[in-house]
Amino acid sequence: MEIRKRLVLTVILISSLLVLPANAIEAGDGTEKIQQTEAPVIRVKKGSVLELNDCIALALNNSPSIKTAQYNYLVSKTSVNLARSEFFPTIGVGAGYNFTNNHQSRFSADTNAYNLNATLNMLLFDFGKTYARIKMEKFYQIADEYNFYNAVREVTFDVKQKYYQVLAARASVLINQSYVDINERNYLRTKAYYDEGLKSKIDLVNAEVTLSDSKIGLVQSENTYQKSLVNLNNAMYLIDAPNYEIKAPEGFMISDSVAPMDLSHFGKTSSKETNELPKQVSDAKFTTTVSQTEVLTNYKTEKFPYSFDECLKIAKKHRADLKAYGLTVDALKENLLYIKRNYYPSVSANAGYTLRDTSHNPTANTIIAGVNLSSSLNIMAQKNQIDAGKYQIDIAQTAYDQLDKDIFFQVQNAYINMIQLEKQIPLQGVKVRQTKENYELAEGRYYVGLGDYIELQDAKVNYNNAQQSYINTIYNYNVARAALESVIALPQRVTKTLEGKTNGKKK
């Protein structure tokens, strides 16, 4: 009964299982091969520079969910050995002393008895019931192994998402800092023109308001950046981590390629008041060029090595939840077989030896050996258990068929999302260049008296928004690519294995 309950529970829980990684995977055309390495143990020291794979390795080694999954696997492994132990003999030993006082009206006697006994019982044959139980326990072990690799997959994707989040947030800070610099220069120029009577008071006030708004935006982006640092540390389970830096990948050509991971000053006010207006410089009125270098330029995407059809084949081959559903069907068939075999008796052997010594009788040695045939069955309960077992198989088979179809749509959605974002990146880059050029023209027109402040302000906002959209699109693309890799269960270069196993074998 307990076994049947566990199988039903497994059917419900198995939907969360994913991806048992191999050591290498090659596409159908043989153009791409991914070689995996065990996550190394990394010590984070002050000033360390971590790349993406370093962050993944830290998380894989520190994650409590991965450790819990590993312990669950070890528990299920012992359950298999417990099931096998049914075929091992059971040994019993005992010793005793008994004192008897027999008192009658004409007779009284005391008896001292000593005994020593040993027994041996062993299951010989039960028509496959124990074998069915062993197979089911092996399924639990495999399911827990899938659960372990599912935890590895989830932690890996979570770190990737938080890693790119930090890079995007850092780029947003740099963009907003540049936007503050632009507005400071515009304020200084507007003030210089106002002092000379070339611009009105309303233009100067608008410049001050725009500068204040940009500083607020900078503070908000810094807050988002600090939260992203906390999220990454949380994903890697780093408590009280020293100040370190993360390095952007080669394709992420951010002007500030190393993001400092320093949370020591959060919550403290800066020595420079944010509401302080910039000091006027003497030549501000002659500075009319947009001296702004874009935070991220010419971002190049790396072509995804697999087509949609290849992604679908990889997912069908490596999705561990699909395999687990198939194993669930097989295990429930074993469960039904186990129930049906309850009709059959069990054959066991037993042997025993007893040594008995009493004060009135000589020492006695007794040896017992025999073979027993036993059976106990509730026919009504047996019939209902068989019916329930059949229904469980139907439920598991239906879930397997549904997941087999769902995988197609999951891969399709992830692939389309990545491709669409990949197409947007160069268009966003063009928009950044266009809005920058438009801002330069608007600035020039404004300071020679051909344009108004609204035109200038719109051009500045459009330029800043274009840069933000460019960064967000790149971030979304990298997350979408990581999501596709996760959906198709693509093995990662850095991973973690169970008990040092490689391709199912111990190292």
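In region 203-223, what count of residues is obtained for those that are of a type in the set (Val, Ile, Thr) and in contact (Cβ under 8 Å) with a residue 60 or more places away in the chain?
1
Kindly check whether there is at least one residue in region 415-437 that is outside any helix (DSSP H, G or I), closer than 30 Å to Thr190 by Cβ and among the charged types (D, E, K, R).
Within region 415-437 (the criterion being outside any helix (DSSP H, G or I), closer than 30 Å to Thr190 by Cβ and among the charged types (D, E, K, R)), the answer is no, since none of the residues qualifies.
Listed residues Tyr140, Tyr146, Tyr164; which is part of a helix (DSSP H, G or I), in contact with a helix residue (DSSP H, G or I) (Cβ under 6 Å, 6 or more places away or on another chain), of a type in the set (Phe, Trp, Tyr) and under 30 Å from Asn462 (Cβ atoms)? Steps first, please.
On the way: Tyr140 fails: under 30 Å from Asn462 (Cβ atoms); Tyr146 fails: under 30 Å from Asn462 (Cβ atoms).
None of the others qualify; the one that does is Tyr164.
Listed here are the residues, each with its yes/no results for (1) at pLDDT below 90; (2) under 15 Å from Met418 (Cα atoms); (3) assigned to a helix (DSSP H, G or I).
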{"position": "Glu455", "(1), (2), (3)": "yes, no, yes"}
{"position": "Asp458", "(1), (2), (3)": "yes, no, yes"}
{"position": "Thr473", "(1), (2), (3)": "no, yes, yes"}
{"position": "Arg481", "(1), (2), (3)": "no, yes, yes"}
{"position": "Glu485", "(1), (2), (3)": "no, yes, yes"}
{"position": "Gln492", "(1), (2), (3)": "yes, no, no"}
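With the requirement that a residue be hydrophobic (A, V, I, L, M, F, W, C), modelled with pLDDT under 80 and under 56 Å from the mean Cα position of the chain (by Cα), what does region 361-383 give you?
Val371, Leu373, Leu377
Residue-by-condition table, conditions (1) modelled with pLDDT of 85 or more; (2) among the small types (Gly, Ala, Ser); (3) crowded, with 22+ Cβ neighbours inside 10 Å; (4) farther than 30 Å from Asn478 by Cα:
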| site | (1), (2), (3), (4) |
| --- | --- |
| Asn117 | no, no, no, yes |
| Lys135 | no, no, no, yes |
| Gln161 | yes, no, no, no |
| Ser172 | yes, yes, yes, no |
| Glu184 | yes, no, no, yes |
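Within region 369-381, identify whether any single residue is in a helix (DSSP H, G or I) and either of a type in the set (Gly, Ala, Ser) or touching a helix residue (DSSP H, G or I) at 6+ places or on another chain (Cβ under 7 Å) (or both), and answer yes or no. Let's see the steps before the verdict.
Keep residues of region 369-381 that are in a helix (DSSP H, G or I), which gives 379-381.
Applying the additional criterion that residues be either of a type in the set (Gly, Ala, Ser) or touching a helix residue (DSSP H, G or I) at 6+ places or on another chain (Cβ under 7 Å) (or both) yields 381.
Scanning region 369-381, I find at least one residue that is in a helix (DSSP H, G or I) and either of a type in the set (Gly, Ala, Ser) or touching a helix residue (DSSP H, G or I) at 6+ places or on another chain (Cβ under 7 Å) (or both), so the answer is yes.
Among (1) within 30 Å of Lys77 (Cα to Cα); (2) of a type in the set (S, T, N, Q); (3) open to solvent by 10 Å² or more (accessible area, probe 1.4 Å), which single condition is Ser212 missing?
All conditions pass for Ser212, except number (1).
What number of residues in region 231-254 are out of contact with any Leu (no Cβ under 6 Å at 6 or more places or on another chain) and at pLDDT 90 or above?
Qualifying residue count, region 231-254: 6.
Name the pairs whose Cβ atoms lie under 6 Å apart, with the first residue in region 365-379 and open to solvent by 70 Å² or more (accessible area, probe 1.4 Å), the second assigned to a loop (DSSP other than H, G, I, E, B), and 6 or more positions between them or separate chains?
As it stands, the answer is Leu373/Pro345; Ser375/Pro345, since those pairs meet every condition given.
Tell me, please, whether a residue that is open to solvent by 50 Å² or more (accessible area, probe 1.4 Å) and either over 30 Å from Leu484 (Cα atoms) or assigned to a helix (DSSP H, G or I) (or both) can be found in region 317-325.
Looking for residues that are open to solvent by 50 Å² or more (accessible area, probe 1.4 Å) and either over 30 Å from Leu484 (Cα atoms) or assigned to a helix (DSSP H, G or I) (or both), one finds at least one in region 317-325, hence yes.
Please state which of the following conditions Val166 fails to meet, knowing it meets all the rest: (1) under 20 Å from the mean Cα position of the chain (by Cα); (2) open to solvent by 10 Å² or more (accessible area, probe 1.4 Å).
Checking Val166 against (1) under 20 Å from the mean Cα position of the chain (by Cα); (2) open to solvent by 10 Å² or more (accessible area, probe 1.4 Å), the one that fails is (2).
Could you check how many residues of region 33-53 are assigned to a loop (DSSP other than H, G, I, E, B) and open to solvent by 60 Å² or more (accessible area, probe 1.4 Å)? Before you say what the answer is, go through the steps one by one.
In the first step, residues of region 33-53 are kept if they are assigned to a loop (DSSP other than H, G, I, E, B); the result is 36, 39-48, 51.
Retained after the next criterion (residues that are open to solvent by 60 Å² or more (accessible area, probe 1.4 Å)): 40-41, 43, 45-46, 51.
The qualifying residues number 6.
Output the number of the condition that Thr37 fails; it satisfies all remaining conditions of (1) hydroxyl-bearing (Ser, Thr, Tyr); (2) in contact with a Phe, Trp or Tyr (Cβ under 8 Å, 6 or more places away or on another chain); (3) modelled with pLDDT of 50 or more.
In the conditions (1) hydroxyl-bearing (Ser, Thr, Tyr); (2) in contact with a Phe, Trp or Tyr (Cβ under 8 Å, 6 or more places away or on another chain); (3) modelled with pLDDT of 50 or more, Thr37 misses (2) alone.
I'd like to know if region 440-451 contains one or more residues that are of a type in the set (A, V, I, L, M) and not in a helix (DSSP H, G or I).
For region 440-451, residues of a type in the set (A, V, I, L, M) and not in a helix (DSSP H, G or I): present.
Just the residues that are touching an Asp or Glu at 6+ places or on another chain (Cβ under 7 Å) and closer than 27 Å to Ile142 by Cβ, please, taken from region 309-356.
Leu322
Between a first residue in region 47-64 that is more than 10 Å from Ala235 (Cβ to Cβ) and hydroxyl-bearing (Ser, Thr, Tyr) and a second residue that is in a helix (DSSP H, G or I) and at pLDDT below 90, which pairs have beta carbons less than 6 Å apart while being 6 or more apart in sequence or on different chains?
Between residues of region 47-64 that are more than 10 Å from Ala235 (Cβ to Cβ) and hydroxyl-bearing (Ser, Thr, Tyr) and residues that are in a helix (DSSP H, G or I) and at pLDDT below 90, there is no close pair.
For the structure I just gave you, tell me whether Ala442 is among the hydrophobic types (A, V, I, L, M, F, W, C), surrounded by 15 or more Cβ atoms within 10 Å (Cβ to Cβ) and under 30 Å from Ala480 (Cα atoms).
no
Residue check: is Phe125 under 46 Å from the mean Cα position of the chain (by Cα), modelled with pLDDT under 80 and open to solvent by 40 Å² or more (accessible area, probe 1.4 Å)?
Yes: the conditions hold for Phe125.
The values are calculated or read from the model by the stated rules, or taken from the named source; none is laboratory data. All figures in this text were calculated on a predicted structure; none of them were measured in a lab. As a convention, Cβ positions derive from the backbone with ideal geometry for all residues, glycine included, and neighbour counts pool all protein chains shown. For the accessible areas, the whole protein counts, side chains as well, though only heavy atoms, and no ligand, DNA or RNA atoms are used. Shrake-Rupley method; radii C 1.70, N 1.55, O 1.52, S 1.80 Å.
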